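The values are calculated or read from the model by the stated rules, or taken from the named source; none is laboratory data. Computed from a predicted structure; not experimentally measured. So basically every Cβ, Gly included, is an ideal-geometry build from the backbone, and we count neighbours across all protein chains shown. Surface areas here come from the heavy atoms of the whole protein model, side chains and all, with no ligands, DNA or RNA. Shrake-Rupley method; radii C 1.70, N 1.55, O 1.52, S 1.80 Å.
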Amino acid sequence: MDKEKIRVFCEQLIESYEVAENQVNHDRGTSEDFERTAREVEALRQELNELLK
């Protein structure tokens, strides 16, 4: 599997995680929960970029 296919697959997983977390946050979360999710998603994307350099 080439790096671009891995990147696309992982981005889809990250996006799915973000959507699921935001749905939970919408139902019972606070603004801090949304901010935490945004930080986690950014960290995942940065880690993915580092791994695929």
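Give 47, 18 a once-over and let me know the one that is among the acidic types (Asp, Glu), part of a helix (DSSP H, G or I) and open to solvent by 100 Å² or more (accessible area, probe 1.4 Å). Steps first, answer last, please.
Details: 18 fails: open to solvent by 100 Å² or more (accessible area, probe 1.4 Å).
Criteria check complete, one pass: 47.
Considering only residues in the range 1-34 that are among the polar types (S, T, N, Q) and more than 12 Å from the chain's Cα centre (by Cα), the one that is modelled with the highest pLDDT turns out to be 23.
Under 12 Å from the mean Cα position of the chain (by Cα) and without any contact (Cβ under 8 Å) to a residue 60 or more places away in the chain, is that true of residue 37? I'd like the intermediate steps shown before the answer.
On the way: under 12 Å from the mean Cα position of the chain (by Cα): yes; without any contact (Cβ under 8 Å) to a residue 60 or more places away in the chain: yes.
So residue 37 fits the description; yes.
Looking only at residues in the range 29-44 that are open to solvent by less than 80 Å² (accessible area, probe 1.4 Å) and of a type outside the set (Gly, Ala, Ser), which one is farthest from residue 2 (Cα to Cα)?
At the first step, the residues of the range 29-44 found to be open to solvent by less than 80 Å² (accessible area, probe 1.4 Å) are 29-31, 33, 36-38, 40-41, 43-44.
Keeping just the survivors that are of a type outside the set (Gly, Ala, Ser) gives 30, 33, 36-37, 40-41, 44.
Details: 30: 39, 33: 35, 36: 31, 37: 29, 40: 25, 41: 23, 44: 19 Å.
The extreme case among them is 30.
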